[in-house]
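These notes are about the structure you will find just below.
The values are calculated or read from the model by the stated rules, or taken from the named source; none is laboratory data. In this text the structure is predicted, and so the values were computed from the model without any measurement. As a convention, Cβ positions derive from the backbone with ideal geometry for all residues, glycine included, and neighbour counts pool all protein chains shown. Only protein heavy atoms, including side chains, enter the accessible area calculation; ligands, DNA and RNA are left aside. Shrake-Rupley method; radii C 1.70, N 1.55, O 1.52, S 1.80 Å.
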Amino acid sequence: MVPGVSRGAARAEKQGKSGTMTRAASRTWNEIKTPKRSAIPEGLWLRCPGCSRMIYRRQMEANLHVCPECNHHFRIGAVERIRQLTDPGSFQPMFRGLEPTDPLGFRDLKTYADRLRIEQEKTGQVDAVQAGSGFIKGREAMVCCLDLTFMMGSMGSVVGETITRTIETATERNLPLIIVSCSGGARMQESGLSLMQMAKTSAALARHDNAGGLFISVLTDPTTGGVTASFAMLGDVILAEPGALIGFAGPRVIQQTIRQELPDGFQRSEFLLKSGLVDRVVARAELRSEVARIIDYSGK
Amino acid sequence: MSYLDFEKPLVELERQIEAATAARDGVHGTPPGVALDLGTRVQLDDPDALRAKYRETLASIYAGLGPWETVRVARVPTRPQTRDYIKLICRDFAELHGDRRYGDDPALVTGFARIGSIKCLIVGHQKGRDTQERIACHFGCAHPEGYRKALAKMKMAEKFGLPIVTLVDTPGAYPGLGAEQRGQAEAIAVNMLEMSRLRVPIVSVVIGEGGSGGALGIAVADRVAMMQFAWYSVISPEGCAAILWKQANEQTNAQAARALKLTASDNIELGIVDDVIEEPLGAAHRAPAEAAANLEKWITSTLLNLKDVDRDVLVDRRYQRFRRLGAYVDKSGQFNGLVPDQDLPK
């Protein structure tokens, strides 16, 4: 789970609304006089959940969706991620014929079939993943990105199958494999079949490893549950974006279990780095060159 | 004997049997044929007839068990656990402790054992029997060091060509500060990756609870079975209800249990498990020895079948076993749906 602040902001961002227009506690350049609230086109400004300053959306977007004031990394979708990561025009989408179904006839307050339809209409995507081949600073690679905007990036059969096919293709073609994770975990609505995607992707990575393949796992905010507990933590090299929430259990579940306050920064990238669980914390602006450098060192 | 709420008709029957037996045999100085007044009218039935009725009622209750009731049977405190089964089916068990890195997690038991004539490595979750053991075992929720211990011993088994038997019984891997800091997710992920390529036969049985990644972390196997009243799913019914129904209570838990398709027969249908191991009348806790005998039979016959399979073929088949799991529509041609008559989302 995500702390209320960033979740609220992410939602505001997604819906194209600016944050609440109360005055910032710290006064900086954003003190410049602004016209009446109603006169501001929606979404032109937003409040950064990192530093609480009002920032200009276009400036933030031009800065790879990173706050120009405090370096807070906003969440981005798979399409934007691929655009940032791969050389312009080099990305070739693959495995696009895979579409989700409702194998269990799952129904909670809504049916899974309805949820899928709503999410597909909302996002214009078929499921929570984009994959294909592309070049990163001139180095060819198989790339797979989870998409948080679709059902919290949860992994069901389509996500698991797409990742597995991406891994298998990387193994066959002896290409470096890069998977960018952001996910709430396994998708409950496909129950046991979602769970099995953890074993399936991990087994595919075992073969990639047997073949001497390189896998760079990039963890972004948030990466939790069954995604963390399978392919995401199996990278030869694991990179994490600054401040990302990364863990097995969500903070709320842990808090309910142990009944005490969680320490500041618990389960954030920097905490994982200190705990020896990731190799490097890499700012978004450096990600391309870091990935390229690791590919070079691996000789792939 | 303590009873679950849906077993209520049995409580009265048991009382009647006791009273009838007492009446027939005479206890506490009461002459035979005279019933003790136990507060209500006592029928002077034949105890054997009552016992037959008890068995019939028990059978009919368990024949109509819903998914949520199944979950509750799987959690009965007296249900046999890994250490019970080890006592019942293994000869000469040599427990092996510790992951050589951090500690020894009592929630995962590992050791050499003989089952029938087969020498093997046994790995299993232990929930704990008395309060003290339960607390030490975190109620069967293993820590990273537990999963790492399991893997270290499994790799050793591979080296010596010993087959591996795993018994799954966990509500889930432990969600705590230390577990996160020591890499719970990494430990489970590495186990799945490594188990998929171990060059010895692996068989797994969900003996009680198969809770999510914590279960799968020792269940990537050539053959997977479930005890008849075990459950296996991506999340517990309560966890699912709390998230999707926004509240966990008896009603939503039951709805979630139904939706999750977590029973043995559901998991067979989804292709997730290969076999169901029958439990005695009224579930394993009523006759542990009988449950253990069925379990032993499945383990030995399955391992016998896998014994002579070429190692490359074995590992490849294990890969394919998990590779094909999932349900999706492939617009480029084939449909991999396991339930093809479902309405597809537009």
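Per-residue answers, yes or no, for (1) under 12 Å from the mean Cα position of the chain (by Cα); (2) open to solvent by 10 Å² or more (accessible area, probe 1.4 Å); (3) at pLDDT below 95:
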position	(1), (2), (3)
A:218	yes, no, no
A:231	no, no, no
A:234	no, yes, no
A:246	yes, no, no
A:250	no, yes, yes
A:254	no, no, yes
A:257	no, yes, yes
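Given the residues A:143, A:159, A:180, A:129, which is the only one that is β-branched (Val, Ile, Thr), farther than 24 Å from residue A:193 by Cβ and buried (at least 24 other Cβ atoms within 10 Å of the Cβ)?
Values: A:159 fails: farther than 24 Å from residue A:193 by Cβ; A:180 fails: farther than 24 Å from residue A:193 by Cβ; A:129 fails: farther than 24 Å from residue A:193 by Cβ.
Testing whether each residue is β-branched (Val, Ile, Thr), farther than 24 Å from residue A:193 by Cβ and buried (at least 24 other Cβ atoms within 10 Å of the Cβ) leaves just A:143.
If a residue must be touching a residue at least 24 places away in the same chain (Cβ under 8 Å), over 21 Å from residue B:217 (Cα atoms) and in contact with a Gly (Cβ under 8 Å, 6 or more places away or on another chain), how many such residues does region B:90-130 contain?
Residues in region B:90-130 being touching a residue at least 24 places away in the same chain (Cβ under 8 Å), over 21 Å from residue B:217 (Cα atoms) and in contact with a Gly (Cβ under 8 Å, 6 or more places away or on another chain): 1 in total.
Taking the stated definitions as given, is residue A:227 modelled with pLDDT of 95 or more, more than 19 Å from residue B:236 (Cα to Cα) and not acidic (Asp, Glu)?
Taking the combined requirement at face value, the residue does not satisfy it.
Output the residues belonging to region A:272-300 that are open to solvent by 40 Å² or more (accessible area, probe 1.4 Å) and within 14 Å of chain B (Cβ to nearest Cβ).
Correct list: A:273, A:274, A:276, A:279.
Could we say that residue B:235 is β-branched (Val, Ile, Thr), within 11 Å of another protein chain (Cβ to nearest Cβ) and surrounded by fewer than 24 Cβ atoms within 10 Å (Cβ to Cβ) here?
Judged against the criteria, residue B:235 is not a match.
Among the residues of region A:235-248, is there at least one that is touching a Gly at 6+ places or on another chain (Cβ under 8 Å) and facing chain B (nearest Cβ under 8 Å)?
Taking every residue of region A:235-248 in turn, at least one turns out to be touching a Gly at 6+ places or on another chain (Cβ under 8 Å) and facing chain B (nearest Cβ under 8 Å).
So which residues in region A:198-234 are in contact with a Gly (Cβ under 7 Å, 6 or more places away or on another chain) and among the aliphatic types (A, V, I, L, M), if there are any at all?
If the condition is that a residue be in contact with a Gly (Cβ under 7 Å, 6 or more places away or on another chain) and among the aliphatic types (A, V, I, L, M), then A:198, A:216, A:227, A:229 are the ones that fit.
With the checklist (1) touching a residue at least 24 places away in the same chain (Cβ under 8 Å); (2) more than 8 Å from chain A (Cβ to nearest Cβ); (3) among the small types (Gly, Ala, Ser) in hand, flag the one item residue B:265 doesn't pass.
Among (1) touching a residue at least 24 places away in the same chain (Cβ under 8 Å); (2) more than 8 Å from chain A (Cβ to nearest Cβ); (3) among the small types (Gly, Ala, Ser), the lone unmet condition for residue B:265 is (1).
Among the helices (runs of 4 or more DSSP H) contained in region A:236-300, which hold 1 or more residues that are touching a residue at least 60 places away in the same chain (Cβ under 8 Å) and of a type in the set (D, E, K, R)?
A:251-258, A:284-298
Does any residue of region B:180-191 turn out to be more than 7 Å from chain A (Cβ to nearest Cβ), of a type in the set (S, T, N, Q) and on the phi < 0 side of the Ramachandran plot?
Yes: one or more hits.
Kindly indicate whether residue B:292 is at pLDDT 95 or above, open to solvent by less than 30 Å² (accessible area, probe 1.4 Å) and either more than 8 Å from chain A (Cβ to nearest Cβ) or at negative phi (or both).
yes
Taking the options A:153, A:134, A:138, name whichever one is touching a residue at least 24 places away in the same chain (Cβ under 8 Å), open to solvent by less than 20 Å² (accessible area, probe 1.4 Å), farther than 17 Å from residue A:77 by Cα and of a type in the set (Gly, Ala, Ser). Give the derivation first.
Values: A:153 fails: farther than 17 Å from residue A:77 by Cα; A:138 fails: open to solvent by less than 20 Å² (accessible area, probe 1.4 Å).
Result: A:134 is the single residue among A:153, A:134, A:138 that is touching a residue at least 24 places away in the same chain (Cβ under 8 Å), open to solvent by less than 20 Å² (accessible area, probe 1.4 Å), farther than 17 Å from residue A:77 by Cα and of a type in the set (Gly, Ala, Ser).
Output yes when any residue across region A:186-196 is buried (at least 23 other Cβ atoms within 10 Å of the Cβ) and free of Cβ contacts under 8 Å to residues at least 12 places away in the same chain, and no when none is.
Within region A:186-196, one or more residues are buried (at least 23 other Cβ atoms within 10 Å of the Cβ) and free of Cβ contacts under 8 Å to residues at least 12 places away in the same chain.
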